[in-house]
Amino acid sequence: MDKRKTILTLEQALALPYATQRFVQLGWRVIRIESPAEEGENAGDPNRYIGADLGYPDLHSYYIAPNVGKEAITLNLKTSEGRQLLLRIIKELGVDVFMCNTLPKRHAQLGIDYATLKQANPQLIWCSISAMGPTHPDRAGYDPALQALTGFTYLTGEAEGKPVPCGIPIIDLKAGDEAFTQVLLAMLIGEKKEIHISMAQCAASWLMTALPQLNFVESEDELFTRSGNEHRSFIPCNAYPTMDGYVYLAIGNDIQWSKFVSRPGFESLYSENRKTNAGRMKEKDTIYQEIGHITKQYSTVDFVELCLSMNLSVAPVHSIREVAGLDFVKNHAMKTQLPNGTVAVLSPPSYDTSFLEQHQYMLSCSPRLGEHNQEIYTACGIDKHEIKELTDNKII
């Protein structure tokens, strides 16, 4: 497969920028479209203006990681001139994929619908991410609200506490991965060219350990109360305090439990009633307290090493800064050059990083608003005088 495919993307926020970032990591060309600046307003992707100030008004920290290695142009698709120019870009640059995460009700209004854009390239693959797909064309897709809609918030938090969303925008990221996958499938199979990604449907697909269980209980309260750090089905998976932090110990079967309670110093946890997971479920709160009393006698490092020696699944509860120092994160982190120096931005999800390895994991800085207008519009056969005119008329 040609690694230098070209993706043209009308993107903002996180779900779609994350999807197209994955294409960047393959060495593909990704060109962002954003609205041109209006007087007195922040233009383009709202995420440009979120997070730490990096010395430029349109380049803040929250925007950086999903957009390294991309190019950016401005184009006013509310105008007929802008919509015609979009078709010209697709044709002249040989765009392979067009992607957007605009409300579906605006696709035809902006001239970005599949029926319109395929006129410029009949082989074009078109992909949209939205809250609930084309059947709900005016539904906005914000991750925390969708976590609430699809049960993630209901399931997360302490039993007697408020429902809370996950600490990262997992539905945004799941939808981005799904868009990435479906575009690759369209290229591989060559059948479906028009792809709609519903963030809500993506979220529901991850309820594999929840939704099917409704068939086997009379009341969902039997299974689906919030459970804090504990696992709903396997005992005693939980977080436990140590002398200097917390560890998460995940014991997933009876053999592992037997090994754990046979260790010198842990024999007090053993009883015949606890030999099976079903038996341990009946005494789970007592078991959690007893294990916590033991773990408090160890440093985090010592307890982790002890459990690893028994081939148990255990981990310290790391801060984000500690995660950044882990070898598998640090050694594969992509980097970029910011105004104040080189920084690590994120780790790719795959070990297949040949493109990144060729470039020493260094990608160009996330583009400024309209940074590549001159280069890309010139490549489309537009001379400098017309580019100036388009700029003056706020078409680009």
Most mobile of Ala203, Ala159, Ala175 in a GNM of the chain (Cα contacts under 10 Å): Ala159
Can you figure out the FRET efficiency of Ala140 with Lys259, using R₀ = 41 Å and their beta-carbon distance, to the nearest 0.05? 0.25
Across 5 Å bins from the origin, how do the percents of Cα pairs in the range 119-274 run, short distances first? 2, 7, 12, 14, 14, 13, 11, 9, 7, 5, 4, 2, 1, 0, 0
Quick one: dipole size for the range 238-317, taken about the Cα centre, charges +1 on Lys/Arg Cβ and -1 on Asp/Glu Cβ, in debye to the nearest 20. 220
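Based on the alpha-carbon set only, what is the convex hull volume of the range 75-172 divided per residue, in Å³? Write down the numbers at each step before the final one.
Values: hull volume 11.4 nm³, N = 98.
Dividing the Cα hull volume of the range 75-172 by its residue count gives 117 Å³.
Can you give the FRET efficiency to the nearest 0.05 for Asn42 and Ser354, using r as the Cβ-Cβ distance and R₀ = 35 Å?
Details: r = 37 Å, r/R0 = 1.07.
Once the sixth-power term is evaluated, E becomes 0.40.
Looking at the P(r) of the range 238-317, how many percent of alpha-carbon pairs lie beyond 22 Å?
Working: 476 of 3160 pairs.
Counting pairs separated by more than 22 Å, the tail of P(r) holds 15 percent.
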Cα lying deepest toward the dipole's positive end in the chain, options Ala148, Ile64, Asn101, charges on Cβ: Asn101
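How big, on average over all directions, is the shadow cast by the Cα convex hull of the chain, in nm²? List each step's numbers first, then the result.
Details: hull surface 94.5 nm².
The Cα convex hull of the chain, projected and averaged over all directions, gives 23.6 nm².
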Any idea what Rg and Dmax come out to for the range 21-138 if you just take the C-alpha atoms, in Å? 15.1, 43
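Kindly flag which residue pairs out of Lys5/Lys384; Lys162/Lys296; Lys284/Lys330; Lys105/Lys394 have an alpha-carbon separation exceeding 32 Å in this structure. Kindly include the intermediate steps, with their values, before the conclusion.
Values: Lys5/Lys384 27 Å; Lys162/Lys296 28 Å; Lys284/Lys330 37 Å; Lys105/Lys394 24 Å.
From the list (Lys5/Lys384; Lys162/Lys296; Lys284/Lys330; Lys105/Lys394), the Cα-Cα distance tops 32 Å for Lys284/Lys330.
Please work out the Cα convex hull volume for the range 267-362 and give it in Å³ per residue. Write out the running numbers ahead of the final one.
Details: hull volume 16.1 nm³, N = 96.
In the range 267-362, the Cα convex hull volume per residue is 167 Å³.
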Taking neighbour counts of Cβ atoms within 10 Å as a proxy for exposure, in what order, fewest first, do Phe23, Phe328 appear? Phe328, Phe23
Distance in nm between label sites at Gln119 and Glu81, each 7 Å beyond Cα in the beta-carbon direction? 1.9
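What list do you get for Arg226, Arg88 if you sort them by fewest beta carbons within 10 Å? All intermediate terms of the calculation are to be shown ahead of the outcome.
Values: Arg226 17, Arg88 14.
With the sparsest Cβ surroundings first, the list reads Arg88, Arg226.
Please find the FRET efficiency linking Val217 to Leu306, where r is the Cβ-Cβ separation and R0 is fixed at 35 Å, and quote it to the nearest 0.05. Please report the intermediate quantities before stating the final value.
Values: r = 37 Å, r/R0 = 1.06.
After rounding, the FRET efficiency stands at 0.40.
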Using unit Cβ charges (K, R positive; D, E negative) and no other charged atoms, how large, in debye to the nearest 20, is the dipole of the chain about its Cα centre? 620
GNM of the chain, Cα pairs under 10 angstrom: of Asn67, Asn253, Asn373, the biggest fluctuation goes to Asn253
Which value, in debye to the nearest 20, describes the size of the charge dipole of the range 16-150 about its Cα centre when Lys and Arg Cβ atoms bear +1, Asp and Glu Cβ atoms bear -1, and nothing else is charged? 520
For Lys282, go through the aspartates and glutamates and keep the ones whose alpha-carbon is under 16 Å away, minus same-chain ones fewer than eight residues off. Glu222, Glu230, Asp254, Glu272, Glu290
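What does the extension gain come out to for Asn331 and Cys166, with contour length at 0.36 nm per residue minus their alpha carbon separation?
Working: separation 165, 0.36 × 165 = 59.40 nm, distance 2.68 nm.
Taking 0.36 nm per residue and subtracting the Cα distance, the gain is 56.7 nm.
Laboratory data are not the source of any read-out in this text; all were calculated from the coordinates shown. Worth saying up front: this structure is predicted, and the values here are computed from it rather than measured. Cβ sites come from the backbone with ideal geometry, for glycine too, and all protein chains shown count toward neighbours.
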